[in-house]
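This report refers to the structure that appears directly beneath it.
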């Protein structure tokens, strides 16, 4: 059996950088690409552009603009009280602003299309909540816990042929 030759270990007192150059081979070259550091997230300023978001519920689609102001809500050019006469809908719409404690800090300008009154109110609430977290991400946990950031996915079921409505069958006559 041939003798096994063990490599000699030579201790050197050289700097580690010189040792790394000796060990480096062409197959192991490392290319260092400098990437710019991500831009720091800055706090929003009142002078910035208005925040624009979209909220949907049932057939209603609402485009919301959130601007610094006094707490006024305008829906299709009309005051909230004129567009939504029901106090239930008014309270539903104001809930995200109250939860985030910004009821007097922003004006809301909304463009509502499609659906009915309740669908538009729900869509407006979702749009306002999304705009608030765009402005201040720290409000997200409170709004999420209250359920304002969840899109209500329930929509009307389509009618089936042979039936009167989506599930209602025509009256059955035994004879």
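What follows draws every value from the coordinates through simple rules; no lab data is involved. Note that the structure is a prediction, hence the values are computed from the model and not measured. Cβ sites come from the backbone with ideal geometry, for glycine too, and all protein chains shown count toward neighbours.
Worth a mention:
- Looking across region 93-107, the residues that are in contact with a strand residue (DSSP E or B) (Cβ under 8 Å, 6 or more places away or on another chain) and either assigned to a helix (DSSP H, G or I) or free of Cβ contacts under 8 Å to residues at least 12 places away in the same chain (or both) come down to 93, 94, 97.
- Members of region 64-92 found to be buried (at least 16 other Cβ atoms within 10 Å of the Cβ), more than 18 Å from residue 102 (Cβ to Cβ) and in contact with a strand residue (DSSP E or B) (Cβ under 6 Å, 6 or more places away or on another chain), listed by number: 75, 83
- Candidates 123, 110 - the one that is outside any loop (DSSP other than H, G, I, E, B), within 20 Å of the chain's Cα centre (by Cα) and without any contact (Cβ under 8 Å) to a residue 60 or more places away in the chain: 110
- Residue check, residue 161 farther than 14 Å from residue 54 by Cα and touching a helix residue (DSSP H, G or I) at 6+ places or on another chain (Cβ under 9 Å): no
- The lone exception for residue 110 - which of (1) under 23 Å from residue 76 (Cβ atoms); (2) exposed (fewer than 11 other Cβ atoms within 10 Å of the Cβ) it fails: (2)
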